[in-house]
1. Would you confirm whether or not the stretch 81-88 contains a residue that is in contact with a Gly (Cβ under 8 Å, 6 or more places away or on another chain) and either modelled with pLDDT of 95 or more or of a type outside the set (A, V, I, L, M) (or both)?
2. Name every residue in the stretch 29-41 that is open to solvent by less than 40 Å² (accessible area, probe 1.4 Å) and not aliphatic (A, V, I, L, M), in order of residue number.
3. Just wondering, is there one or more residues in the stretch 39-48 that are within 16 Å of LEU111 (Cα to Cα), among the charged types (D, E, K, R) and in a strand (DSSP E or B)?
4. Could you check the stretch 73-108 and list, in sequence order, the residues that are in contact with a Lys or Arg (Cβ under 9 Å, 6 or more places away or on another chain) and buried (at least 16 other Cβ atoms within 10 Å of the Cβ)?
5. Contact list please: Cβ distance under 6 Å, first residue in the stretch 26-38 and closer than 21 Å to GLU58 by Cα and without any contact (Cβ under 8 Å) to a residue 12 or more places away in the chain, second residue open to solvent by 40 Å² or more (accessible area, probe 1.4 Å) and of a type outside the set (Ser, Thr, Tyr), pairs at least six apart or on different chains.
6. Among the residues of the stretch 94-105, is any of a type in the set (Asp, Glu), under 12 Å from the mean Cα position of the chain (by Cα) and modelled with pLDDT of 95 or more?
7. Which of (1) open to solvent by less than 80 Å² (accessible area, probe 1.4 Å); (2) out of contact with any strand residue (DSSP E or B) (no Cβ under 6 Å at 6 or more places or on another chain) does LYS59 not meet, given it meets every other one?
Amino acid sequence: MIKNFDDFKTELRENMRGGDGTVTVTSFVTAEELNDKGRLFGKITLKPGCGIGFHVHEKDSELFYILKGTAVYDDNGTKTTVTAGNVTLTPAGTGHAIKNESDEDVELIALIVYA
């Protein structure tokens, strides 16, 4: 199977997980296409000043691959700067947040898989 850009679902999420601004989430596949082993494989765009608020992953894990830009990443309470080429991992039972505090868009690939 090959999916084209026109097949992707894009959503605008206001104050995602309590974060600031509007986050753009483009889902590449559905949960069914992930064989119900996960719930997201897609691209997230954070405009300047926007972010995803801190939340804990109880029964799943999330990975981010930073494609473009610089963001502040909260790794279970420890804040650090992430840039293009970095990968973050939030295992089940831990939490994270991410915010674009720069003047340029941040783009990342996100994958959420069930624990």
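1. Within the stretch 81-88, the subset in contact with a Gly (Cβ under 8 Å, 6 or more places away or on another chain) is 83-84.
Right, trim to either modelled with pLDDT of 95 or more or of a type outside the set (A, V, I, L, M) (or both) and you get 83-84.
Checked against the condition, which is being in contact with a Gly (Cβ under 8 Å, 6 or more places away or on another chain) and either modelled with pLDDT of 95 or more or of a type outside the set (A, V, I, L, M) (or both), the stretch 81-88 yields at least one hit.
2. Passing the criteria: only GLY38.
3. yes
4. Within the stretch 73-108, TYR73, ASP74, ALA97, ASN100, VAL106, GLU107, LEU108 meet the criteria.
5. The qualifying pairs are ALA31/ARG39.
6. Pass one, the stretch 94-105, residues of a type in the set (Asp, Glu): 101, 103-105.
Filter once more, so that each one left must be under 12 Å from the mean Cα position of the chain (by Cα): none.
No: the stretch 94-105 contains no residue that is of a type in the set (Asp, Glu), under 12 Å from the mean Cα position of the chain (by Cα) and modelled with pLDDT of 95 or more.
7. Here LYS59 clears every test but (1).
The values are calculated or read from the model by the stated rules, or taken from the named source; none is laboratory data. Bear in mind the structure is a predicted one, so any value in this text is a computation, not a measurement. Don't worry about glycine lacking a Cβ; one is built from the backbone with ideal geometry, like all the others, and counts go over all protein chains shown. Just the protein is used for accessible areas: all its heavy atoms, side chains included, with ligands, DNA and RNA removed. Shrake-Rupley method; radii C 1.70, N 1.55, O 1.52, S 1.80 Å.
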